[in-house]
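To start, the structure under review is shown below, and the notes come after it.
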Amino acid sequence: MSMSQSANRAAGDAGPGRNDPCPCGSGRKFKQCCGLAPQGRPATPARTSATLDPLQMKAGGALTRAGQLTGNFSPLQRVLRLGPKTAPTAPAAPVETSQAGEESARAYLNLARGYIAARRVGDAIKAWRQATRLDPANHVAWQDLGSALMQIGRLPDAIGAFRRAIVAKPDFAPAHHMLGMALESQGNETLAVGALRRAVALSPKLADAHARIGTLLMSLSRRPEAIASLRRAAAVAPQADIGRLSLAKALMAEERQDEAIAVLRRMLARNPTNFDARKMLGDALSFAGEFEEAGREYQRAIDTGRQPISAYHSLVTSRKLIEADRPLIEGMQRVLQRGNLQDFSLMILHFSLGKALDDLGDYGAAMEHFDAANRLRHRSSKVDRPRLVEQFDSIIERFTPDYFARHAGFGSDDETPLLVLGMPRSGTTLTEQIISSHPAVVGGGELPYWLETGPQWDAGGMRSLTMENARRVAEAYLTVLRDLGPDAARVTDKMPPNFTWIGLIHLIFPKARIIHCKRNPIDTCLSIYSTYFTARMDFSADRGDLVFFYRQYKRLMEHWQKVLPPEVYYETEYEELVNHRDVRSRELIAFCGLDWDDACLVPEQNERQVRTASVWQARQPVYKTPVERWRRYEPWLGELRELVAE
């Protein structure tokens, strides 16, 4: 999966620096507002623009002075007697708020901030909720409540609170901004972009919002728009960290890697402890295959002491660890033992420790960490088995040879698209590296086009199936491909789950070649289970779900093999590719309709940027150690053992 924005939070995608203005619009520094203190502790939230009377200000100030609280809230609690002794329940619809209710709500706001300063987040949330009950039109109360809920990972509730703030004050840019951030964290990129664009329309100088739009558009393969947004962030805040980081990201997107690295090095010359710049520099070097230097930058990022988990994860996945790396493992274990980690950070740390221990051959301990990581992942990733069966049944029933024959006129004759797909961790990256080593091919990486277009088309059913719609879909996809390789004979799209949309792809591009990558089913599923993916995959976190999903995937692929012409559909096996590289590589290139080029035998020398979970492996000589990896984990396979016969 690509290093999309959701993933970048695991890989340490840069946000505002601790001394930059907070993106919520409060006017305070990020470290004093919506930022998180070390180890995931919530920092003191922003003071908003709500007007407080002198008595409330005095009481609140006494509590929050120097950011230290004793837990004695009696002065502020006495202020609350200005309002009703018992707060009413939240009204179902907006109501007129009395002056006393407004005053009490403001006092609850101050009380909540005091609780936050004392790290009593639960009490703070209760106080904010009371404020919103007393004064439902108080957009500041809803905004503060949403920010607190977002900090503790309650994203649906946070999104609801931000939307209530927007209802109360539609032109309140910070609420649109924070709503976009919450939707981004939830993985809803399209809605996040919409919310963030509304924020910058209301407040054009919100650099963080421009930067986030750029990152999200990049993950959606809308590169020109993404670069424009990143450059707007850089123009709005040229001297701030967020502006400089956005400039570096824009330069990387423009393939101006050396210039991006130079920007980051200048930042670090001014502030060597800037975590975001260190982390981004490590990523830039890693994507370019400079793993040794990238590792040094990741270690320096860890040494800054600021939220080191993302840097640990990037470091352990950028190379194979050896016995001399034991101190690195001990450092991660110390972070784990300190606790106070939110679920997402804890999950990433367990995946990192599992990978490190796997490298050192401690498979039992590695599996303990993989299990711990997947227990956390499984909370939000579960397979709806009946729905999956129904979905695949519908695809198989619809896309028959007769169906393709009846709609033969809908297709484009363009042969540029070259789809590489299959289960994740099945050899798709290696296959794309071999093919894109050919001078006539450009590697597009993981493009989300069909994952977005497919559901939109499917939701419309037969109403969507018109010549005009088919041409529009084809032109939009070719625009994406030609932006990547204007003169290329073929542009690869290596998005593994595109196998669901093969019918639509073949309908619109009947001459597009499709390569299905296969691998030993247990090795495939074990590798999925032990890998953190940036994109949500509901089947990935439970052995039983993995087995179920694999069998449904296999059933669908058998259907495609039957109904697609052999000149456009090809299956390659990972084990064959690594054991008989010369023969199988030549077959691949011949299937693509290209003349042979010896560069395809050394895919590790391919200089294109790689941004998938296989970033390190893609730069190594083709190796055989992943073959039958499952045997090292045989005592802990559980339900995966059912796939032995397959």
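Estimated at the nearest 10 Å², the accessible area of Ser286 is 10 Å² with a 1.4 Å probe. Within the accessible area of segment 115-258, the carbon and sulfur atoms contribute 53%, probe 1.4 Å, all protein chains present. Put Glu628, Glu390 in order of accessible area, highest first, and with a 1.4 Å probe you get Glu390, Glu628. Atom-type composition of the exposed protein surface of segment 290-437 places 46 percent of the accessible area on carbon and sulfur (1.4 angstrom probe). Straight Cα distances below 18 angstrom link Lys126 to the aspartates and glutamates Glu102, Glu103, Asp135, Asp144, Asp157, with same-chain residues fewer than 8 positions distant left out. Annotation: per residue accessible area for segment 357-465 equals 42 Å², rounded to a whole number [probe 1.4 Å, protein chains only]. Taking Cβ atoms as reference points and 15 Å as the exclusive limit, the residues near Glu225 contribute a net charge of +3, counting Lys and Arg as +1 and Asp and Glu as -1.
Can you give the relative contact order of segment 237-290 as a percent, counting alpha carbon pairs under 8 Å and 6+ residues apart? Reported relative contact order: 27 percent.
Cys517 contributes an accessible area of around 0 Å² to the protein surface, as traced by a 1.4 Å probe with all chains present.
For segment 490-582, the solvent-accessible area with a 1.4 angstrom probe is 30 square angstrom per residue.
Measuring with a 1.4 angstrom probe and ignoring ligands and nucleic acids, Lys382 comes out at about 120 Å² accessible.
Placing +1 on each Lys and Arg Cβ and -1 on each Asp and Glu Cβ, with no other charges, gives segment 267-423 a dipole about its Cα centre of roughly 780 debye. Quick one: grab the alpha carbon gyration tensor of segment 463-525, order the square roots of its eigenvalues as a ≥ b ≥ c, and give me rounded if a/c is under 1.5, else prolate or oblate depending on whether a/b is larger than b/c. Oblate, since a/c reaches 1.5 and b/c is not below a/b. Legend: residues Arg334, Arg113, sorted from most to least accessible area (1.4 Å probe; ligands, DNA and RNA excluded), read Arg334, Arg113.
Summary of the geometry: segment 369-432 and segment 455-511, compared by the centres of their Cα atoms, lie 14 Å apart. For segment 351-454, the gyration tensor built on C-alpha atoms gives an oblate shape. Its axis ratio a/c (a ≥ b ≥ c) is at least 1.5, and a/b is not larger than b/c.
The C-alpha radius of gyration of segment 323-403, expressed as a fraction of 2.2 N^0.38 Å, stands at 1.68. Among the listed pairs Lys518/Lys562; Lys249/Lys279; Lys511/Lys554, a Cα-Cα separation exceeding 18 Å is found for Lys511/Lys554. The candidates Ile395, Ile322, arranged from most to least accessible area with a 1.4 Å probe in the full protein assembly, appear as Ile322, Ile395. Here the relative contact order of segment 173-224, from alpha carbon pairs under 8 Å that lie six or more residues apart, stands at 33 percent.
The values are calculated or read from the model by the stated rules, or taken from the named source; none is laboratory data. Small disclaimer: the values here were computed from a predicted structure and weren't measured. FYI the Cβ positions are ideal-geometry reconstructions off the backbone, even for glycines, and counts take in every protein chain you see. Side chains included, ligands, DNA and RNA excluded: accessible areas come from the protein's heavy atoms. Shrake-Rupley method; radii C 1.70, N 1.55, O 1.52, S 1.80 Å.
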